[in-house]
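Data block below; observations after.
We did not get these values from a lab; they are worked out from the coordinates using the rules stated. Remember, it's a predicted structure, so these values are computed and weren't measured experimentally. Using ideal geometry, Cβ is built from the backbone for each residue, glycine included, and neighbour counts are taken over all protein chains shown.
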Amino acid sequence: MSLQNNSQKEKNAVLGGVLYLVATPIGNLADISERALKVLSEVDFVAAEDTRNSGLLLSRFGISKPMVSYFEHNKHERGTQIIARLKNGESCAIITDAGTPAISDPGEDIVRLCAAEGITVTSIPGCCAAITALTLSGMDTRRFCFEGFLSVNKGERRERLAELSDERRTMIFYEAPHKLRTTLSDLLTAFGAERQIALCRELTKLNEEVCRTTIGRAVEMYSEREPRGEYVLIVEGNVQTAAKINYPADPILHVEELVESGMSKKDAIKAAAKARGVAKNEIYALVMKKDEE
Ligand code: SAM
């Protein structure tokens, strides 16, 4: 059954000279969209990060299409060839191994090239592991930042995490299973044991799991458990930094707001005192007096 009205049909026509960024499932084939299948069936050719994987995906949906590979190590040379074909009036769909092209995969370069050449690029939206994990994390989704993969270089990775130690927004990291333990240990050093983390693995698959815990407990858990599958790590922003910026004039209200945001009373007193530049005991005394009233 088609859910399109006439103007949507017009928008959904596949046109020559256009690059289509087509999101594909991140683990569950049922997540492919009607529009993705239409575009993949109708374009002149498909550029894929891994032609073997993508060939299997297309054949599952009965689609057979000429394919070219487009991945990290051939993206410059292949990008120029794709641009030439688009300029010649062909239509191209770009797909990556999973999810939304251009998010932590080579798609972003071809979009930049097309923009520079005045070639139309349009997106067929769908799965993205980062957003799927964020929405499941239970953390603040109003403001977040995407960090993708941390560097494999130890020094660079630690430096980046140190730069993020005052980040107030919820942070999103991608991680491979064989690097999970090292990353958790670096997160512990940078953010401390009490910071909230959601480890989201195998999303949309049979073994989907979301573990909401603290960084300290996650490190303990994975010292005994073997990391398996693909992970997105959602890390709480620095609420203590957040507390420093905007706070009510009344210190008791300040502490109450921090407790409401999820801090223990002890941490809230400490954070409020630090933000206001006063001794912890001073705030503690005010809170105790209020509690006794
Ligand atoms: N473009 C993709 C997207 O839209 O999410 C991401 C590509 S990136 C090369 C692959 C990383 O995404 C994995 O290492 C993992 O961190 C994350 N990822 C992909 N699929 C996932 C899944 N089903 N569950 C958890 N994480 C996933």
| message | Can you sort Ser261, Ser59, Ser33 from fewest to most other Cβ atoms within 10 Å of each residue's own Cβ? | response | Ser59, Ser261, Ser33
| Range of Cα positions in the chain per principal axis (Å), largest first | 76, 45, 38
| Cα-Cα over 30 Å, subset of Lys179/Lys266; Lys87/Lys179; Lys179/Lys205; Lys179/Lys274; Lys75/Lys154 | Lys179/Lys266; Lys87/Lys179; Lys179/Lys274
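Please give the net charge around Cys200, taking every other residue with its beta carbon less than 12 angstrom from that of Cys200, where Lys and Arg add +1 and Asp and Glu add -1. Could the numbers behind the result be given before it?
Details: positive: Arg201, Lys205, Arg212; negative: Glu175, Glu202, Glu208, Glu209, Glu230.
Summing Lys and Arg as +1 and Asp and Glu as -1 gives -2.
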| Under 5 Å between amide H atoms, partner at least 5 residues away or on a different chain: which partners does Arg168 have, H built in plane at 1.01 Å? | Asn238
| In the Gaussian network model of the chain, springs joining C-alpha atoms below 10 Å, which of Met263, Met67, Met171 carries the largest mean-square fluctuation? | Met263
| Added length on full extension, which subtracts the Cα-Cα distance from 0.36 nm per residue, Asn6 to Glu202 | 66.8 nm
| field | Principal axis dimensions, segment 86-231 - Cα atoms, whole angstrom, descending | value | 57, 36, 30
| query | Taking the simple approach of a point 7 Å from Cα along Cα-to-Cβ for both Glu108 and Val152, what is their distance in nm? | reply | 1.8
| said: I'd like the projected area of segment 111-166, averaged over all directions, using the convex hull of its alpha carbons. Report it in nm² with one decimal. | reply: 6.5
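Do you know the relative contact order of the chain, to the nearest whole percent, from alpha carbon pairs under 8 angstrom that are 6+ apart? The partial results should precede the final answer.
Working: 466 pairs, mean separation 46.4, N = 293.
Here the relative contact order equals 16 percent.
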| request: Grab the Cα-Cα distance for Glu209 and Lys290, subtract it from 0.36 nm times how many residues apart they are, and report the gain in nm with one decimal. | output: 24.9 nm
| Check Val68: other-chain or 5+ apart residues with amide H under 5 Å from its amide H, H built from backbone geometry? | Val46, Ala47, Ala48
| request: Pull up all non-local amide H partners of Ile124: gap of 5 or more, or a different chain, and H-to-H distance under 5 Å with H placed in the peptide plane. | output: Leu21, Val22, Ala23
| note | In a Gaussian network model of the chain with springs linking alpha carbons closer than 10 Å, the residue among Ala98, Ala30, Ala249 that fluctuates most is Ala249
| field | Sequence-distant aspartates and glutamates (8 or more away, or on other chains) whose Cα lies within less than 14 Å of Lys290 | value | Asp250, Glu256, Glu282
| Using a Gaussian network for the chain with springs between C-alpha atoms less than 10 Å apart, which of these wobbles most: Ile26, Ile269, Ile103? | Ile269
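Nearest 5 is fine: what % of DSSP beta bridges in segment 89-243 come out antiparallel, could you say? Walk me through the numbers on the way to the answer.
Numbers: 16 of 21 bridges.
Percent antiparallel among DSSP bridges in segment 89-243 is about 75.
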| query | How far is it, in nm, from the label point at Asn281 to the one at Ile63 when both lie 7 Å from their Cα along the line to the Cβ? | reply | 7.0
| At what distance in angstrom do the alpha carbon centres of segment 43-79 and segment 91-126 lie from each other? | 13
| said: Need the full-extension length gain, Asn28 to Asp97, defined as separation in residues times 0.36 nm minus the C-alpha distance. One decimal, nm. | reply: 23.6 nm
| task | Starting at the first residue of segment 255-266, write each ³J(HN,Hα) from the Karplus equation 6.51 cos²θ - 1.76 cosθ + 1.60 with θ = phi - 60°, in whole Hz, x for Gly and Pro. | result | 4, 4, 5, 5, 5, 4, 7, x, 7, 6, 4, 4
| remark: For Glu226 and Ala176, extending 7 Å from Cα along the Cα-Cβ vector and measuring point to point gives, in nm, a value of 1.8
| task | Just add up the charged neighbours of Val287: K/R +1, D/E -1, any other residue whose Cβ is under 12 Å from the Cβ of Val287. | result | 0
| said: How much of the DSSP bridge set in the chain is antiparallel, in percent, rounded to the nearest 5? | reply: 45
| task | Among the aspartates and glutamates, select those whose C-alpha is under 18 Å from the C-alpha of Lys65, and discard any that sit fewer than 8 residues away in the same chain. | result | Glu34, Glu42, Asp44, Glu49, Asp50, Glu90, Asp97
